Structures are given as structure tokens and as C-alpha cells.
Amino acid sequence: MPSVSVWLIRGSLLYLLAGFTLGALLLAGKGVPMPAGLWRWLPVHFELLLVGWLVQLVMGVAYWIFPRFGLTRAARGREGFAWLAFALLNGGVCLVALGVLSDRSALAVAGRSAEVLAAATMAMNVWARTRASGISPM
């Protein structure tokens with residue numbers, strides 16, 4: 001498994017742990033008196049699980065499992081693009097979380113933009129490895 005995929009999947013599992021922990025705190029807040037500010041973390045909970053965990057896991061598995069045409073390492077595409085997508089996605093998740101918690105919409109917009117760029121970068125990297133069924137690679 002390529003190291004980029006390993007780090008994408010490890011990162012997604014860390015977001016899963018953080019998201020479940022935050023979700024458990026939010027759920028406990030329904031039965032046990034907790035600070036009222038705890039509910040400000042609900043959008044962060046969504047961000048951690050939907051983008052941090054799910055999207056990052058999909059990106060890691062896609063980079064690893066999409067077909068390779070050729071036996072060279074470059075057959076997976078440009079590894080630098082995958083690392084860039086990893087950095088953009090994680091930076092975007094952090095920016096969105098900070099933007100939501102600090103009520104600064106500019107941070108949230110910058111974070112979402114970074115996430116979209118991460119998805120576009122990964123899609124561009126993997127797109128070259130897609131072929132229609134029955135067409136042999138050149």
C-alpha cells in the first residue's frame with residue numbers, strides 16, 4: 001500500500017475517533033448538565049465525521065485501489081498531488097472547525113475552498129487511471 005494511502009487512512013481514523021468522542025460528549029450533554037456552549041461544537045462534530053473521516057477514507061482507498069496501468073511507481077499518478085490533497089483536506093477541516101467555533105465565516109469559506117481543492121486535486125490524479133471497460137491501456 002502506498003504511504004500516501006496509509007497516511008490518508010490513518011488520518012481518517014483519527015478524525016473518526018475525535019468525531020465519536022465529541023459526539024459522545026454531545027450525547028452525554030442531553031442527560032447530564034453540561035455547559036451551554038457545548039452545542040456550538042455540533043457543526044464541528046459533523047465536519048470531523050463527514051469530511052475528516054469519510055472523505056479522507058475514500059480518498060485514501062481510491063488512491064490505493066484504482067487500477068494501475070503499468071508496473072512503475074508512476075503508474076499510480078503523481079504522488080505529490082496526493083500529498084497535496086492530504087494537506088489541503090486536513091487544513092480545510094481545521095479551518096472550517098476554527099471558523100465555526102470563532103464565528104469567522106472567512107475562515108470557514110477558506111476551509112471549504114481548501115477541501116474542494118483537495119477533492120479536485122485527488123480527482124485529477126485518479127482520473128488518468130480510469131478507463132472504459134474493454135479498452136486496453138495505451
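The values are calculated or read from the model by the stated rules, or taken from the named source; none is laboratory data. The shown structure was predicted, so the numbers you read here are calculated from the model rather than taken from an experiment. Because the Cβ atoms are built from the backbone with ideal geometry, glycine has one as well, and the counts that use them run over all protein chains shown.
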### Task
Say whether the condition of being under 18 Å from the mean Cα position of the chain (by Cα), assigned to a helix (DSSP H, G or I) and surrounded by fewer than 14 Cβ atoms within 10 Å (Cβ to Cβ) is met by at least one residue in the stretch 79-89.
yes
### Query
Residues in the stretch 28-39 that are assigned to a helix (DSSP H, G or I) and either surrounded by fewer than 11 Cβ atoms within 10 Å (Cβ to Cβ) or touching a residue at least 40 places away in the same chain (Cβ under 8 Å) (or both): how many?
4
### Query
Among the residues of the stretch 2-22, is there at least one that is modelled with pLDDT under 90 and either surrounded by 14 or more Cβ atoms within 10 Å (Cβ to Cβ) or on the phi > 0 side of the Ramachandran plot (or both)?
yes
